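Notes for the one structure printed next.
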Amino acid sequence: MKTHARVFVLGFPIMLLGLLFSLLAHADEEEPESPWSGSARFGYLATSGNTNTDSINGRLSVKYQPGSWKYHAFAGGLGAREDGRTTAEAYDAGGGATYDFNQFDYAFGRVNWRRDRFAGFKQQISEAVGYGRRLVNLPRQHLNVEIGAGARQSRRRTDENLNEGILRLATDYEFRFNDVAAFNFDLAMESGSRNTFAEGVAAIKTKLLGALGMVASYKVRHNSNVPAGNARTDTFTAISLEYKF
């Protein structure tokens, strides 16, 4: 009995250590990376005193990347009021798919919808397909360019409908300063026979805590042919919290 007791006393800690190391090794194993990813963004700003203003913006984006095919969708909106009067109200949504031929070349198809209560065009819907090229594809920096063709359906503030074929050109650039902060710049142009639409978005992103971060963005939208009395260019500035999942 004494011998068995001594074996048990000596062997039990060894068994515990072995079990502990096994659990730690299992915990260190990386889980398979999910093909799903996305982000939710929300911002709000209010001032009071001589002038009462408030503004709100939000955006949701989702990506699904099971392999050579990659899919994405997004929806966003913003609004602003001054002394109880709405001064800005705009929405956009869209989605698309890409197919990778290799690590540099891909084909794309996309649909975009834009609505702005105060712009020269109440609504614009565009569809395009084409070819994309990853000119720069580095761990901390990438630059993609796209060229394609499609169609656009627009409605002016005068309720006139404008349908036309378009040529689409776009770039997507990102530079990561480190694991915390990054700079993004996206530029897209849709040129038709009666109107050219262009949009540029610059953003600085920084991590705050875990999956939570902050985004400061500046967006410019331009239509070359708008009804009389309407500005051709609109700008949007936003500061938002962003949660990635």
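Carbon-plus-sulfur accessible fraction, region 52-99 (probe radius 1.4 Å, protein heavy atoms only): 53%.
Output the relative contact order of the chain, whole-number percent, from Cα pairs under 8 angstrom with separation of 6+ residues. Don't skip to the answer; put the middle values down first.
On the way: 579 pairs, mean separation 29.4, N = 245.
Taking the mean separation of contacting Cα pairs over the length of the chain, I get 12 percent.
Once you have the Cα-Cα distance between Thr237 and Asn50, take 0.36 nm times their residue separation minus that, and quote the gain in nm to one decimal. Write down the numbers at each step before the final one.
Values: separation 187, 0.36 × 187 = 67.32 nm, distance 2.20 nm.
Difference between extended and current length: 65.1 nm.
Of all the Cα-Cα pairs you can form in region 92-174, what percent are over 15 Å apart? If you can, show how the numbers build up before the last one.
Details: 2142 of 3403 pairs.
Summing the P(r) of region 92-174 above 15 Å gives 63 percent of all pairs.
Of the lysine pairs in the chain, how many meet both conditions: Cα atoms under 17 Å apart, and a spacing of 8 or more in sequence or different chains? Going through the chain pair by pair, I get 4.
Secondary-structure-derived ellipticity at 222 nm for the chain, considering helices only, amounts to -4000 deg cm²/dmol, per-run term -39500 (n - 2.57) for DSSP H runs with n ≥ 4. Distance from the Cα centroid of region 57-83 to that of region 208-245 is 12 Å (rounded to whole angstrom). Rolling a 1.4 Å probe across all protein chains gives Leu169 an accessible area of roughly 60 Å². The listed residues Trp36, Trp69, once ranked by accessible area (1.4 Å probe) with the largest placed first, stand as Trp36, Trp69.
At 1.4 Å probe size, put Tyr243, Tyr99, Tyr106 in order of accessible surface, largest to smallest. Please list the in-between numbers first.
Working: Tyr243 120, Tyr99 80, Tyr106 10 Å².
Sorted descending by solvent-accessible area, the residues read Tyr243, Tyr99, Tyr106.
What accessible area per residue, rounded to a whole number of Å², is obtained for the chain using a probe radius of 1.4 Å? Using a 1.4 Å probe on heavy atoms only, each residue of the chain averages 63 Å². Heavy-atom surface analysis with a 1.4 Å probe gives region 124-245 a carbon and sulfur content of 60 percent of its accessible area. For region 98-245, the Kirkwood radius over C-alpha pairs fed into Stokes-Einstein at 10 °C and 1.306 mPa s yields D = 94 µm² per second.
The values are calculated or read from the model by the stated rules, or taken from the named source; none is laboratory data. Because the structure is a prediction, the values reported are computed rather than measured. In case anyone asks, the SASA skips ligands and DNA or RNA and just uses the protein heavy atoms, side chains included. Shrake-Rupley method; radii C 1.70, N 1.55, O 1.52, S 1.80 Å.
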